[in-house]
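I have placed the structure first, in the form of structure tokens, so that the comments after it can refer back to it.
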Amino acid sequence: MKRKNRNKRTDAVCLAGPHKDKNLLPLGALMLAASVSSWAQDALPQPAPAPTQASTPVPTEGKTMSTVTVQGKRDRNEQTYQSGLVSAGKVPMAAKDIPQSLTVVNDKLMHDQGKDTVKDALQNVPGITFEAGEGGRIGDNIRLRGFSVSGDIYLDGLRDIAQYNRDTFNLDRIEVLRGSASMLFGRGSTGGIVNQVSKLPRLITEHEVNTTVGTGG
């Protein structure tokens with residue numbers, strides 16, 4: 001009885017072996033196909049990477065803009081606060097060629113600010129102060145850098161030392177030269193000089209009326 005049972009168990013083992021191999025065949029074939037596919041992909045040449053958007057040159061076509069025509073008149077010399085030529089150096093020369101501190105109040109600036117007297121026109125010039133009748137003097141008592149310029153006021157390069165209040169109606173510009181100027185204007189020019197330049201005659205007839213209206217007494 002024992003021998004028969006052993007033979008039956010052996011037959012069962014023999015019968016189970018072939019069926020198990022048949023069940024593993026599809027799995028092996030699938031693994032083989034996967035390995036062959038990966039090998040084929042490695043063997044094929046890889047395509048070049050596509051260029052990025054930034055590196056791709058964008059073709060541009062040349063464009064010609066329409067012509068812009070500007071029409072006008074150069075009025076720099078007529079409508080500017082710059083001085084141009086000055087005569088504080090005894091001869092006409094550009095203001096940039098004066099090797100001293102220079103301030104020029106021209107006719108346009110005096111007109112735009114409504115300055116009717118020399119004293120009013122020099123109110124915004126640095127280094128200038130005005131006396132209030134000290135020492136018994138009258139007229140334009142001007143101090144430049146702390147020194148009195150009562151003897152250093154000029155009209156067209158000539159000394160104008162009279163004690164009176166000067167108007168600006170006939171002045172083209174006022175030049176204030178700060179610093180020692182005795183080499184150009186002689187003794188007494190310690191703080192500087194104030195030179196008044198008269199208007200030049202023109203071949204036109206010009207009339208101008210100015211009116212000031214206010215509510216003050």
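For this structure, a couple of remarks:
- Think of region 88-145 as a dipole: +1 on every Lys or Arg Cβ, -1 on every Asp or Glu Cβ, centred on the Cα centre; then among PHE130, HIS111, GLN100, GLN100 lies furthest on the positive end.
- A Cα-only calculation for region 113-185 places Rg and Dmax at 12.0, 35 Å.
- Additional length obtainable on full extension of the chain from LEU155 to TYR81, 0.36 nm per residue less Cα span: 24.6 nm
- Residues within the reach of a label modelled at GLU208 (point 7 angstrom out along Cα to beta-carbon, backbone nitrogen below 13 Å), restricted to region 99-123, are 106-117.
- The GluC sites (Glu not before Pro) of region 132-215 meeting both criteria, a DSSP state outside H, G, I, E and B (loop) and at most 14 other C-beta atoms within 10 angstrom of the site's C-beta, are GLU206, GLU208.
- Selection of chymotrypsin sites (Phe, Trp or Tyr not before Pro), region 123-185, meeting DSSP coil and at most 16 other Cβ within 10 Å: TYR164, PHE169
- Ranking VAL213, VAL176 from most to least accessible surface, computed with a 1.4 Å probe over the protein chains only, gives VAL213, VAL176.
- Qualifying trypsin sites (Lys or Arg not before Pro) for region 151-190 [loop in DSSP, other Cβ within 10 Å: at most 15]: ARG187
- Placing +1 on the Cβ of every Lys and Arg and -1 on the Cβ of every Asp and Glu, with no other charges, gives region 124-169 a dipole of roughly 120 debye about its Cα centre.
- Shape summary of region 78-214, radius of gyration then Dmax from alpha carbon positions: 15.0, 46 Å.
- When THR117, THR215 are compared by accessible area at a 1.4 angstrom probe, the order from most to least is THR215, THR117.
- Relative contact order %, region 66-176, counting alpha carbon pairs below 8 Å whose residues are six or more apart: 26
- Estimated FRET transfer efficiency when R0 is 22 angstrom, pair ASP112-ASN170 (beta carbons, to 0.05): 0.75
The values are calculated or read from the model by the stated rules, or taken from the named source; none is laboratory data. Not measured: the values here are computed from a predicted model. Ideal geometry is used to build each Cβ from the backbone, glycine not excepted, and the neighbour counts take in all protein chains shown. Surface areas here come from the heavy atoms of the whole protein model, side chains and all, with no ligands, DNA or RNA. Shrake-Rupley method; radii C 1.70, N 1.55, O 1.52, S 1.80 Å.
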